[in-house]
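For reference, the structure is listed below as structure tokens.
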Amino acid sequence: MNKIRERLIVPNIEAIIDYCKKNPKELEALLTLEYSNEKIKLNQPFFADVDKEKDIKELNKYYDNEPYIIFGKIFRVARNFDFERHAYPFIKYIESIGIKPINYNVDILPKKEPHKNNFGEPQIADAQNPLVRYVMGKLSTDAFAKDDWETARSFFSSKCVYCGKKRSTSIDHAIPINRDEVGEHKLGNLLPCCGKCNRSKSSRKHNEFLNILCHEKGEITKEYKMEIMDKIEKYMLLYNYKPFEQEMREKISQKLKELYVETNKLADKYVEEIRDLINSRQDK
Ligand SMILES: [Zn+2]
């Protein structure tokens, strides 16, 4: 199991570090779980900043003892690599930053990613995005019922806030409930709109979408845009909705990204277990 670490990862670490010294952003990225998961399929950041890790036990469990110095700081490299899961993404990753893999017989590497998605196959995002909405939806402590929503809706004369024409039939989140924007499910962030506008707004913020409708599509006038933006601002004040400040948004966003990775990990675990179950039946 650890052959991949000794034969593939370790021999290429110096080259990755050299690359990071020239591109400090890459080092920052490799210290995050999300990037390390996206590029190398790791369930932990590729590098650990030793000064920042408080829990030495955890550090020793997940990171190799060998210290590497980058910009005068000590870093350690993830230790839990698995051939099937990590060899191919690792090679692809180092090639993508211009490193030729050394000291390894590339011929014996898996030629492809272990599993390619079949046409129409459900994607992990189908589970991750609703889970993020679920978690963010649970946070609100101000209860509100359908009546309260109807009152909020009448603030906009029951019309779609975006096109200003159609009746509002659906609920949009001005600041979207996703891992990047971190909107909340609270009345001041809920806007009435029509189904068509809700679909085409997608994961944009309300003001971005109004700008598109006005300046790119020409579907609303500049006057209407200014008027409705002003009205939305008043509405947010009325319901005391304040989007998170940047620092908090980034912290929550980081948590939600961890939720993404954890969801992926959990789903993979069950895929493996169920696959084993099916295979054990075929063996008999
Ligand atoms: Zn509309």
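Each reported figure results from applying straightforward, stated rules to the coordinates on display, with no laboratory input. This one's a predicted model, so the numbers in the text were calculated from it and none came from an experiment. When we count neighbours, we look across all protein chains shown, and the Cβ atoms used for this are built from the backbone with ideal geometry, even at glycine.
By Kyte-Doolittle mean hydropathy of at least -1.0 and Cα axial length of at least 20 Å, which whole DSSP H helices of the chain are selected? Walk me through the intermediate numbers first.
On the way: long enough: 125-139 (21 Å, -0.05); 222-238 (24 Å, -0.58); 246-283 (55 Å, -1.21).
In the chain, the long hydrophobic H runs are 125-139, 222-238.
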Practice problem: Under 15 Å Cα to Cα from K251, which aspartates and glutamates show up? Leave out anything in the same chain fewer than 8 places away. | Solution: E34, D180, E181, E184
Quiz prompt | Residue-averaged 222 nm ellipticity for the chain, from DSSP H runs of 4+ at -39500 (n - 2.57), nearest 500 | solution = -15500 deg cm²/dmol
Self-check item: Estimated inter-spin distance, A127 and E223, nm [label 7 Å along Cα→Cβ]
Solution: 5.3
Self-check item: All-pairs alpha carbon distance profile, segment 3-108, 10 Å steps from 0, percent
Solution: 15, 52, 30, 3, 0
Self-check item: Those lysines that a straight Cα-Cα span of less than 17 Å connects to K73, excepting residues fewer than 8 apart in one chain
Solution: K21, K22, K25, K52, K54
Quiz item: If amide H atoms are built 1.01 Å from N in the plane of the peptide, which residues on other chains or at least 5 residues away come under 5 Å of the amide H of E181?
Solution: none
Practice problem: Would you grab the residues whose amide H sits under 5 Å from the one on I70? Only those 5+ places off in sequence or on another chain, please, with H modelled 1.01 Å from N. | Solution: F75
Exercise. Kindly provide the GluC sites (Glu not before Pro) of segment 229-275 that DSSP labels as loop, not H, G, I, E or B, and whose Cβ sees at most 15 other Cβ atoms within 10 Å.
Key: E245
Practice problem: Sequence neighbours fewer than 8 away in the same chain don't count; with that in mind, list the lysines whose C-alpha is under 19 Å from K234. | Solution: K159, K186, K205, K222, K225, K242
Exercise. List the residues whose amide H sits under 5 Å from the amide H of D172, counting only those 5 or more places along or on another chain, with H placed 1.01 Å from N in the peptide plane.
Key: L191, C193
Practice problem: Could you pull the Cα extents of the chain along its three principal axes, largest to smallest, in whole Å? | Solution: 69, 58, 38
Quiz prompt | Relative contact order (percent, whole number), the chain, Cα cutoff 8 Å, 6+ residue spacing | solution = 14
Quiz prompt | Rg ratio (alpha-carbon, reference 2.2 N^0.38 Å) - segment 53-103 | solution = 1.37
